[in-house]
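The values are calculated or read from the model by the stated rules, or taken from the named source; none is laboratory data. If you're wondering where the values come from, they're calculated on a predicted model, not measured in any experiment. Neighbour counts are summed over all protein chains in view; Cβ atoms, including those assigned to glycine, are modelled from backbone coordinates with ideal geometry. Remember, those area values only see protein heavy atoms, side chains included, never the ligands or the DNA or RNA. Shrake-Rupley method; radii C 1.70, N 1.55, O 1.52, S 1.80 Å.
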Amino acid sequence: MILKASQRGGSKQLALHLLKTEENEHVHVHELRGFMAEDLQSAFQEIHAISRGTRARQFLFSLSMNPPQQENVPDHVFETAIEDIEQKLGLDGQPRAVVFHEKEGRRHAHVVWSRIDTEKMKAINLPHYKLKLRDIAKQLYLENGWQMPRGFADRLERAPATFSLSEWQQAKRGGHDPKALKRMFQECWAMADSRDSFAQALKERGYTLARGDRRGFVAVDFRGEVYAVGKYSGMKAKEVKGHLGDEKELPSVDQVKQANAARITVMLRQHIQTLEERQKRESRILQQRRKETVQKQREQRDQLQKAQQARWQKESHDRARRFSTGMRGLWDWMTGKSAKTRNYNEQEALLNRQRDRAERERMIFKQLEDRRLLHQEIQRLKQEHTKQIAELHRDIAEYHDRSASNAADLKGHFKQAQKGREKAAGRDQGWGRELER
């Protein structure tokens, strides 16, 4: 289970984020402990109000818990892990909120603690919490028999295709998968031993190495989108310059854009537009299916919750009727029968709660499986989209090469024709001089 945490403020923004249903398919407030309030926003306002009596600005400790995507993790596994985490971090007994999110066929949890110790009126110090969480995460993988990510076993084997929000947005503008885009730049860098070989590797994938206005070496795609070589290859500016030399010898971004615009024909632009419209149409169909599925599942959960509440009320009424009233009730109390009935009712209530939780988890896991199949279709469409975009880049690169070759052949033809004309003109002048004699 991947554990990521941070100390933070911004209680209102965090509450709104945790309750957001636009990005999440299902949101469930699982627990509110240690609060007077009964809703998440009011609970976080309580923490903020108490923190005003201290100088703490980061009065919250926010943790996300992400199990392996294909695993159906019961609530009690999350709860046991949460108890272990707060014990080891020194947050036991602190007010906390637990919220479950379901998104893209996976279920994960968010836990938020108050860092404010109300007896001492100061924030609880959390030294080395990242290292402690990493150790707990490893233990969770081992205890539950989950396949441990390679990055846990060896930090050097972490996936290199990490990207920032700006890189994600830029790749989305260009119609690329951000991971595939960054991996492509890193592969080009790894196979290149010079600027020429690096430029050729980029060219084969439809990118042109150019001189940036502010960022040194950049690559420009056929749309005119500019990518900083250092950022996408994972290299520092000094390393890029040392490997590729002086960028002043390269064409500017504007020159590359003008050249690309001149090379791409109307037919190619129509092909690009047709491909993008088809992909958007298919994506809209799948997203509509996802939306309808999520809405249907929310209704099923509401129906189950109402049915369980009605059953719980009836069972509570039945348990209450087991106690006698009047003189009979006094006699039962004196003989100990009331105590036995109370213990029996408590055990039955516990079993009924476990039954209700099991029913709810079975529905959640069944719905997760259904959405995973749908998300696999969405993922397949994305992969197909990435493949088609890559093929389009290669086609455009080949078109550029053919255009350049044809232009060179045409230029050579014009030179030969010009030489022929000049030679013929020379013969004509010589013949004219002979006639004058």
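Values as computed for the structure displayed
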item: Failed item in (1) open to solvent by 30 Å² or more (accessible area, probe 1.4 Å); (2) part of a loop (DSSP other than H, G, I, E, B); (3) farther than 14 Å from GLN7 by Cα, with ASP84 passing the rest; result: (2)
item: Residue match in the range 110-120 (condition: closer than 14 Å to ILE2 by Cβ and either open to solvent by 10 Å² or more (accessible area, probe 1.4 Å) or in a loop (DSSP other than H, G, I, E, B) (or both)); result: yes
item: Meets criteria (charged (D, E, K, R), assigned to a helix (DSSP H, G or I) and modelled with pLDDT under 75) for GLU361; result: no
item: Within the range 322-365, tally of residues that are basic (Lys, Arg) and in contact with a Leu (Cβ under 7 Å, 6 or more places away or on another chain); result: 1
item: Filtered residue count, the range 186-198, keeping only those that are in contact with an Asp or Glu (Cβ under 9 Å, 6 or more places away or on another chain) and either open to solvent by less than 40 Å² (accessible area, probe 1.4 Å) or in a strand (DSSP E or B) (or both); result: 1
item: Count of residues meeting criterion [free of Cβ contacts under 8 Å to residues at least 24 places away in the same chain and more than 13 Å from ALA210 (Cβ to Cβ)] in the range 220-254; result: 7
item: Residue check for ALA201: part of a helix (DSSP H, G or I) and over 24 Å from LYS179 (Cα atoms); result: no
item: Of all residues making up the range 200-215, the number that are touching a strand residue (DSSP E or B) at 6+ places or on another chain (Cβ under 7 Å) and more than 16 Å from LYS257 (Cα to Cα); result: 1
item: Identity of the residue in the range 210-256, among the β-branched types (Val, Ile, Thr) and in a helix (DSSP H, G or I), that ends up surrounded by the fewest Cβ atoms within 10 Å (Cβ to Cβ); result: VAL253
item: Residue selected from the range 313-358 under the condition outside any helix (DSSP H, G or I) and loosely packed, with under 12 Cβ neighbours inside 10 Å, by the criterion modelled with the lowest pLDDT; result: THR325
item: Residue within the range 38-57 that is basic (Lys, Arg), at negative phi and touching a Pro at 6+ places or on another chain (Cβ under 9 Å) present; result: no
item: Failed criterion for GLY93 (all others in (1) surrounded by 18 or more Cβ atoms within 10 Å (Cβ to Cβ); (2) at positive phi hold); result: (1)
item: One residue from LYS103, LYS132 being basic (Lys, Arg), at pLDDT 90 or above, open to solvent by 20 Å² or more (accessible area, probe 1.4 Å) and within 30 Å of GLN45 (Cβ to Cβ); result: LYS132
